[in-house]
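Trainee: Handing you a structure now.
Just so you know, all these numbers are worked out from the coordinates, no wet-lab data involved. Since the structure is predicted, the reported quantities are computational estimates derived from the model, not experimental observations. In this analysis, Cβ positions are derived from the backbone assuming ideal geometry, glycine residues included, and neighbour counts consider all displayed protein chains.
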Amino acid sequence: MKYFKGVKAYIEGKGVVDADICFNERIISTEKAEGEEIIMPEGAIGEPGYIDVHIHEAGGSDTMDGSAQALQTVSETLVKEGTVGFLATTMTQSEENIEKA
């Protein structure tokens, strides 16, 4: 487990407070710190990642390219902007191209 110590975070019912955010793949706790501390810059703000539910392209690659490499490029580009999940969507094209994608 890892944790951010003393970051500003919105905690439901408490507002924006200094919190220790413990996580693995998901946030586990905002109250007690355990594991490997990740040092954050003073005044850092903790916020959830964005989930994009409709995306065609990013980083010069398009979901219609129909390749694992294109999806990898889209993924690597989006995560740099704070997107932690996405739904790759196709465009209106031939049935053959949509099936390939």
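Trainee: Can you tally the net charge around Thr77? Count Lys and Arg as +1, Asp and Glu as -1, for every other residue whose Cβ sits under 13 Å from the Cβ of Thr77.
Mentor: That works out to -4.
Trainee: Looking at the chain, I'd like the Rg to Rh ratio, where Rg is from alpha-carbon atoms and Rh is Kirkwood's inverse mean 1/r.
Mentor: That ratio equals 1.15.
Trainee: In cubic angstrom, how much convex hull volume per residue do the alpha carbon atoms of segment 20-68 span?
Mentor: 154
Trainee: Given labels modelled 7 Å from the Cα in the Cβ direction, how far is it in nm from Ser67 to Ile45?
Mentor: Output for this residue pair reads 3.9 nm.
Trainee: Can you give me the relative contact order of the chain as a percent, contacts being Cα pairs under 8 Å and 6 or more apart?
Mentor: Relative contact order, the chain: 22 percent.
Trainee: Which whole-number percentage describes the relative contact order of segment 1-44, with Cα contacts under 8 Å and a sequence gap of 6 or more?
Mentor: Relative CO of segment 1-44 lands at 44 percent.
Trainee: Under the 0.36 nm per residue contour assumption, what length would be gained going from the current alpha-carbon distance of Ile38 and Lys14 to full extension?
Mentor: Full extension from Ile38 to Lys14 adds 6.3 nm.
Trainee: Can you give the calculated 222 nm mean residue ellipticity of the chain, where each DSSP H run of n ≥ 4 adds -39,500 (n - 2.57) and the sum is split over every residue, rounded to the nearest 500 deg cm²/dmol?
Mentor: Value at 222 nm, helices only: -5000 deg cm²/dmol.
Trainee: Once both labels are modelled 7 Å past Cα along the beta-carbon direction, what's the Glu76-Met91 spacing in nm?
Mentor: According to this spin-label approximation, the distance is 2.3 nm.
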